[in-house]
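One structure is given here, and the rest of the page talks about it.
The values are calculated or read from the model by the stated rules, or taken from the named source; none is laboratory data. Treat the numbers as computed from the prediction; the structure is a model and nothing was measured. Glycine also receives a Cβ, built like all others from the backbone with ideal geometry; neighbour counts cover every protein chain displayed.
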Ligand SMILES: N[C@@H](CCC(=O)N[C@@H](CS)C(=O)NCC(=O)O)C(=O)O
C-alpha cells in the first residue's frame, strides 16, 4: 500500500526544504518506498477533516491503509522500524540510534525553533532584540556539545541512521542563519547528509512540489 503524506500546499520557505515533510520524504527515499503527497492549505489544516488526522492541525501526516500517524519523529520511526537502512539490527546499536532521534527532536531542535520564533513571530515585540542573543547563545551551546561528540567521525554512531537523518534535518534549519559555519565539523556533517542520493531526491521532490504548480 502506497503511503500518503501531507505537505504544505505551498511551503512558506518556497521550497528550501525546511518544512517537515522533507525529512519524511527523505526517510521514505532512504527506505526505497514510493509515496504520494496530499497538499494541505493553511486554512484546510485547521478544519475538521485534517484535524481528524492531525490533532494539532499541522503537517506532516502519514497514512498507510488503516494507519494514520502524525509527528515527523513518529512517522520516521515507523518507516525505520519496518524497512531496512535506517536503524541497525543489533539491539543496543538500535537503541542508541533511537536515542539520537530523540536528541535531535527534543534537545537540539527546540532552541533552533526559538530562533525562528524570535526572528519572525516575535520580531515586532519590544523585548525581541534583548531575547535574540539569549536564543543564539543557547543554540551555540548545543552546537558546541554536538560538535564535541561528533568529533571527526562520519555519523553520530556507526552507520548512517534515522538519528542522523533527524539531526541533519534539524541542523539544516540553521543554514539561513549562517550559524553552522561557526562549527566546520557540523557543517561538514550536514553536507554529508545533503549529499546522500535519498536526500537529493527528497529535496528535489519537495522543490518541484512547491514551485511547479500555479498558486491558487
Ligand atoms: N513536532 C511536529 C511539528 C509539526 C510542525 O510544526 N509542522 C509545521 C510545518 S513544518 C506546521 O504544520 N506549521 C503550521 C502550523 O502549525 O499551523 C513534527 O515534528 O511533526
task = Scan segment 16-53 residue by residue and report those that are touching a residue at least 40 places away in the same chain (Cβ under 8 Å), in a loop (DSSP other than H, G, I, E, B) and within 8 Å of the ligand (Cβ to nearest atom).
result = 18, 19, 20
ask   = Hey, residue 64 hits all of (1) within 12 Å of the ligand (Cβ to nearest atom); (2) touching a strand residue (DSSP E or B) at 6+ places or on another chain (Cβ under 8 Å); (3) within 24 Å of residue 163 (Cβ to Cβ) but one; which does it fall short on?
value = (1)
query = Would you call residue 115 within 30 Å of residue 12 (Cβ to Cβ), touching a strand residue (DSSP E or B) at 6+ places or on another chain (Cβ under 8 Å) and crowded, with 17+ Cβ neighbours inside 10 Å?
reply = no
request  = Restrict the check to segment 121-138 and report whether at least one residue is surrounded by 12 or more Cβ atoms within 10 Å (Cβ to Cβ) and within 16 Å of the ligand (Cβ to nearest atom).
outcome  = yes
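Condition check: closer than 26 Å to residue 146 by Cβ, more than 11 Å from the ligand (Cβ to nearest atom) and touching a residue at least 60 places away in the same chain (Cβ under 8 Å). Does residue 104 satisfy that?
Numbers: closer than 26 Å to residue 146 by Cβ: yes; more than 11 Å from the ligand (Cβ to nearest atom): no; touching a residue at least 60 places away in the same chain (Cβ under 8 Å): yes.
No: the conditions fail for residue 104.
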query = Which pairs have Cβ atoms under 9 Å, sit 6 or more apart or on different chains, and link a residue in segment 67-82 that is farther than 11 Å from residue 166 by Cβ to one that is at pLDDT below 95 and within 13 Å of the ligand (Cβ to nearest atom)?
reply = none
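Being part of a helix (DSSP H, G or I) and surrounded by 18 or more Cβ atoms within 10 Å (Cβ to Cβ) is the filter; apply it to segment 67-77 and report the residue that is farthest from the ligand (Cβ to nearest atom).
Among them, the one singled out is 77.
Okay, residues lined up against (1) over 17 Å from residue 203 (Cβ atoms); (2) out of contact with any helix residue (DSSP H, G or I) (no Cβ under 6 Å at 6 or more places or on another chain):
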{"position": "20", "(1), (2)": "no, no"}
{"position": "31", "(1), (2)": "no, no"}
{"position": "44", "(1), (2)": "yes, no"}
{"position": "47", "(1), (2)": "yes, yes"}
{"position": "60", "(1), (2)": "no, no"}
{"position": "66", "(1), (2)": "yes, yes"}
{"position": "74", "(1), (2)": "yes, yes"}
{"position": "78", "(1), (2)": "yes, yes"}
{"position": "83", "(1), (2)": "yes, yes"}
